[in-house]
Amino acid sequence: MRFTKMEGLGNDYIYLNCLEETPADLPELSRRLSHRHFGVGADGLICIRPGRTGDFTMEMYNADGSRGAMCGNGIRCVGKYVYDRGLTRETCLTIDTDAGPRHLELHVLGEVVDRVTVDMGTVEVSAPVPVEAAGERFTVVPANAGNPHGVIFCEDPEAVELERLGPLLERHPGLGERRNIEFVSCPDRGHLTVRVWERGSGITLACGTGACAAFAAALAENRCGDWVEAALPGGTLTLERRGDRVFMTGPARAVFEGEIPGSTKITA
């Protein structure tokens, strides 16, 4: 079984071409391959399948084997994967996800994809919810960018003990379903600083849906303008509101390719 390791702002995934055949037990495969010491090492596994209604389908699994509905950094790499390998020559694509179709614009530089703009659709923002965790009180803004998030505005995201608070807030009963958690500061109306705890993966260097959730929550509270640069530990995303939709632009990069022997495959 051949694979490709790819990353968007350090949010890294293992990519499999599943257009014709698919390995068995993908949740277990994601757990095994995502392990940083005994596997390839990644935030999860992404399978590229034939499109249901669009050009291709993205099927993703987190590092703990749980299914993910949508991944902003991951879907940009899907666009790069299919274009750079000649699976399409189109630069405007529709990728089916468990959160619905997403439209991509590929920005090609030197015959390979350098950056990708994703129409992330409408990000739903709910009323703030007060919660308590580890003896501290937080105001969490629930948001959904294809998967559930909880946005917490603070002065300095770098000062937050994310490894301690992330697991508690992810599963907090006051927030309902498990959520990705973002700690966000707004130094001015054109910039956000974001740190993310991803459900099923832990601390990651970036989260595309998390950045979009933070942007939508900041817009709802009039903390920023319609165009911002969102700084995450792995790099910067550009976010823009057009009507009621959020557009995200950022890089996509192939890291390396490899082969895992002894994997059983089944016909897709």
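Coordinate-derived values only; no laboratory data. No experiment lies behind these values; they were computed from the predicted model shown. All Cβ positions, even for glycine, are placed from backbone atoms using ideal geometry, and neighbour counts span all protein chains on display.
Numbers below:
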item: Pair list, Cβ < 9 Å and 6+ apart or interchain, from the range 210-233 residues that are in a loop (DSSP other than H, G, I, E, B) to residues that are among the small types (Gly, Ala, Ser); result: ARG223/ALA217; CYS224/GLY190; CYS224/ALA218; GLY225/GLY190; PRO233/GLY10; PRO233/ALA206
item: Pairs with Cβ under 9 Å, 6+ apart, first in the range 144-159 and free of Cβ contacts under 8 Å to residues at least 24 places away in the same chain and of a type in the set (Ser, Thr, Tyr), second part of a strand (DSSP E or B) and surrounded by fewer than 20 Cβ atoms within 10 Å (Cβ to Cβ); result: none
item: Evaluation of GLY150 against (1) surrounded by fewer than 22 Cβ atoms within 10 Å (Cβ to Cβ); (2) in contact with a Leu (Cβ under 6 Å, 6 or more places away or on another chain); (3) closer than 28 Å to ASP98 by Cα (one fails), failing number; result: (1)
item: Considering residues of the range 153-199 that are among the basic types (Lys, Arg) and crowded, with 20+ Cβ neighbours inside 10 Å only, the residue nearest to ALA230 (Cα to Cα); result: ARG195
item: Which numbered condition ALA206 misses (of (1) touching a helix residue (DSSP H, G or I) at 6+ places or on another chain (Cβ under 6 Å); (2) more than 19 Å from ALA63 (Cα to Cα)); result: (2)
item: Residue tally, condition in a strand (DSSP E or B) and either in contact with a helix residue (DSSP H, G or I) (Cβ under 9 Å, 6 or more places away or on another chain) or over 16 Å from GLY208 (Cα atoms) (or both), over the range 136-192; result: 25
item: Residue, farthest from TYR61 (Cα to Cα), within the range 1-25, restricted to residues that are aliphatic (A, V, I, L, M) and under 13 Å from the mean Cα position of the chain (by Cα); result: LEU9
